[in-house]
Amino acid sequence: QVQLVESGGGLVQPGGSLRLSCAASGSIFSIYTMGWYRPAPGQQRELVATITPGGSTNYADFVKGRFTISRDNAKNTVYLQMNSLKPEDTAVYYCYAHLSRAWKTAMEDYWGQGTQVTVSS
């Protein structure tokens, strides 16, 4: 079994910062992409940011210059530093991992339970 456990959400004023963390645990052989998503109108979830084991990153246009994704491969953990937060960033943020659970097995997608971020004065 694989679990993704997020932490770091909360209430912050506009212009403030939060740091989200997500730790993957359980029967894991190798993790490829990790990232963060949030719900969007007309979609199940929209990409916020992703990162590969080598550190290649991809950001949604609406967070570029404000959010920074990073990861600690040794700890199977991904982080999202959120700066200059806006009310429209309010959402549940879901952690994502694309991983394999054993040698030569198929890659699978896993999701965390979500962490609430609320930006309000």
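The values are calculated or read from the model by the stated rules, or taken from the named source; none is laboratory data. Every value quoted in this text rests on a predicted model; they were computed, and no experiment measured them. A quick note on method: Cβ atoms are made from the backbone with ideal geometry, for glycine too, and the neighbour counts reach across all protein chains shown. When the accessible area is computed, the model is the full protein with side chains, heavy atoms only, and any ligands, DNA or RNA have been set aside. Shrake-Rupley method; radii C 1.70, N 1.55, O 1.52, S 1.80 Å.
In this structure, does ALA24 turn out to be touching a helix residue (DSSP H, G or I) at 6+ places or on another chain (Cβ under 7 Å), at pLDDT 95 or above and at negative phi?
Values: touching a helix residue (DSSP H, G or I) at 6+ places or on another chain (Cβ under 7 Å): no; at pLDDT 95 or above: yes; at negative phi: yes.
When the stated conditions are applied, ALA24 does not pass them.
For segment 99-121, what are the residues that are within 12 Å of the chain's Cα centre (by Cα) and farther than 21 Å from SER17 by Cβ?
Result: TYR110, TRP111, GLN113.
In segment 39-53, is there at least one residue being open to solvent by less than 40 Å² (accessible area, probe 1.4 Å) and farther than 17 Å from TYR94 by Cβ?
Scanning segment 39-53 turns up at least one residue that is open to solvent by less than 40 Å² (accessible area, probe 1.4 Å) and farther than 17 Å from TYR94 by Cβ.
Here are the criteria: (1) within 16 Å of the chain's Cα centre (by Cα); (2) farther than 28 Å from SER121 by Cβ; (3) of a type outside the set (Asp, Glu); (4) open to solvent by 60 Å² or more (accessible area, probe 1.4 Å). Tell me which single one ILE31 does not satisfy.
Unmet for ILE31, out of (1) within 16 Å of the chain's Cα centre (by Cα); (2) farther than 28 Å from SER121 by Cβ; (3) of a type outside the set (Asp, Glu); (4) open to solvent by 60 Å² or more (accessible area, probe 1.4 Å): (4).
From (1) in contact (Cβ under 8 Å) with a residue 60 or more places away in the chain; (2) in a strand (DSSP E or B); (3) within 17 Å of GLY16 (Cβ to Cβ); (4) of a type outside the set (Asp, Glu), pick out the condition that doesn't hold for THR68.
So the condition that THR68 fails would be (1).
So which residues in segment 105-121 are part of a strand (DSSP E or B) and surrounded by 11 or more Cβ atoms within 10 Å (Cβ to Cβ)? If you could, list the steps in order and put the result at the bottom.
Of all residues in segment 105-121, those part of a strand (DSSP E or B) come to 108-111, 115-119.
Scanning segment 105-121 gives GLU108, TYR110, TRP111, THR115, GLN116, VAL117, THR118, VAL119.
So, in segment 57-69, of the ones that are under 21 Å from THR118 (Cβ atoms) and within 14 Å of the chain's Cα centre (by Cα), which residue ends up most open to solvent (accessible area, probe 1.4 Å)? Give the steps one after another, and end with the answer.
Taking segment 57-69 first, the residues under 21 Å from THR118 (Cβ atoms) are 60, 62-63, 66-69.
Filter once more, so that each one left must be within 14 Å of the chain's Cα centre (by Cα): 60, 63, 67-69.
Values: ALA60: 12, VAL63: 0, PHE67: 6, THR68: 75, ILE69: 9 Å².
That would be THR68.
Residue-by-condition table, conditions (1) surrounded by fewer than 20 Cβ atoms within 10 Å (Cβ to Cβ); (2) of a type in the set (A, V, I, L, M); (3) closer than 17 Å to PRO39 by Cα:
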{"residue": "GLY55", "(1), (2), (3)": "yes, no, no"}
{"residue": "ARG71", "(1), (2), (3)": "no, no, no"}
{"residue": "LYS75", "(1), (2), (3)": "yes, no, no"}
{"residue": "ASN83", "(1), (2), (3)": "yes, no, no"}
{"residue": "GLU88", "(1), (2), (3)": "yes, no, yes"}
{"residue": "VAL92", "(1), (2), (3)": "yes, yes, yes"}
{"residue": "LEU99", "(1), (2), (3)": "no, yes, no"}
{"residue": "TRP103", "(1), (2), (3)": "yes, no, no"}
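Look at THR33 and say whether it is in a strand (DSSP E or B), in contact (Cβ under 8 Å) with a residue 24 or more places away in the chain, among the β-branched types (Val, Ile, Thr) and over 16 Å from GLU6 (Cβ atoms). Lay out the reasoning, then the answer.
Values: in a strand (DSSP E or B): yes; in contact (Cβ under 8 Å) with a residue 24 or more places away in the chain: yes; among the β-branched types (Val, Ile, Thr): yes; over 16 Å from GLU6 (Cβ atoms): yes.
So THR33 passes the test.
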